[in-house]
Amino acid sequence: MCTVAVRWSQGRPAEILALRDELTTREFDDPGQWWPEFPAVVAGRDRAAGGTWCATDVATGVSALVLNRPEKRLGDAGAPSRGLLPLLGVAHGADWPAEIRLEGMAAFSLVLATEQRLTTWQFDGERLTSAEHPEGTLVVTSGGPEDRKADRWLARFAEASFPDGWLALVHESGPADDPSALAVRHEQDGLVYATVFGQLVRAAPGSLRLEYSRRPWIPGAWTDVVLT
């Protein structure tokens, strides 16, 4: 995941846009209930490592999202995949760090949204820190040059309506070789790294409204799902 926008106020369902940037050759499945051990969780599934980038528990309305960070790009051999983190986040809430061994893992940010709180964690490969966020709109990126996205887009997300206004921002332009763009496409040495998925999430306990697309910059290319 490389861009997450969240609008949050206490006691109300969080409104979330998640844009996943990844190698275009890395296969994944659309959101579904893929994990028998987490039967209420709906999330896309990464076929390479078996985890996810954005998960929602339909029963509780809790959502968790992971973003890669640049401080440590690759995990050590045998270290857990970052794709486990959203699953642990929705299952255990703010207590998720007790459920996984972080030593050796690649760097990440984790966003956890509930009706009571909006929390983020950052792990730089050695140290885990957390922050609680006030009511309002937050844009989280993968860090480094991509922080330009927050500078460029935060005010516009804060002003726009959800979901239509947020979709309109994503539809403004196609993928660009620009770290500040919402949809990106970078090609190097025959490999293409690009925005491969987008989803909008609005969840409350017992209800999930999910829209998703593998070409999120194209109007009409989104699938709308309501689960109760």
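The values are calculated or read from the model by the stated rules, or taken from the named source; none is laboratory data. Because the structure is a prediction, the values reported are computed rather than measured. For neighbour counting, all protein chains shown are included, and Cβ atoms are generated from backbone atoms with ideal geometry for every residue, glycine included. Areas reflect the complete protein model, heavy atoms only, side chains present, ligands, DNA and RNA absent. Shrake-Rupley method; radii C 1.70, N 1.55, O 1.52, S 1.80 Å.
Quick notes on this one:
- Scanning the stretch 85-106 for residues that are open to solvent by less than 30 Å² (accessible area, probe 1.4 Å), under 20 Å from Pro13 (Cβ atoms) and either out of contact with any strand residue (DSSP E or B) (no Cβ under 6 Å at 6 or more places or on another chain) or at pLDDT below 95 (or both) yields a count of 1.
- Check on Gly89, of a type outside the set (Phe, Trp, Tyr) and touching a Leu at 6+ places or on another chain (Cβ under 8 Å): yes
For every residue, the table says whether it meets (1) surrounded by 20 or more Cβ atoms within 10 Å (Cβ to Cβ); (2) closer than 19 Å to Arg7 by Cα.
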position	(1), (2)
Ala155	no, yes
Asp164	no, yes
Ala168	no, yes
Ser180	no, no
Thr195	yes, no
Gly206	no, no
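- Options Glu135, Glu146, Glu126; residue that is open to solvent by less than 50 Å² (accessible area, probe 1.4 Å) and not hydroxyl-bearing (Ser, Thr, Tyr): Glu146
- Answer residue from the stretch 159-192, given it is under 18 Å from the mean Cα position of the chain (by Cα) and farther than 24 Å from Gly220 by Cβ and is modelled with the highest pLDDT among those: Ser180
- Qualifying residue in the stretch 89-111 (condition: touching a residue at least 40 places away in the same chain (Cβ under 8 Å) and touching a helix residue (DSSP H, G or I) at 6+ places or on another chain (Cβ under 7 Å)): yes
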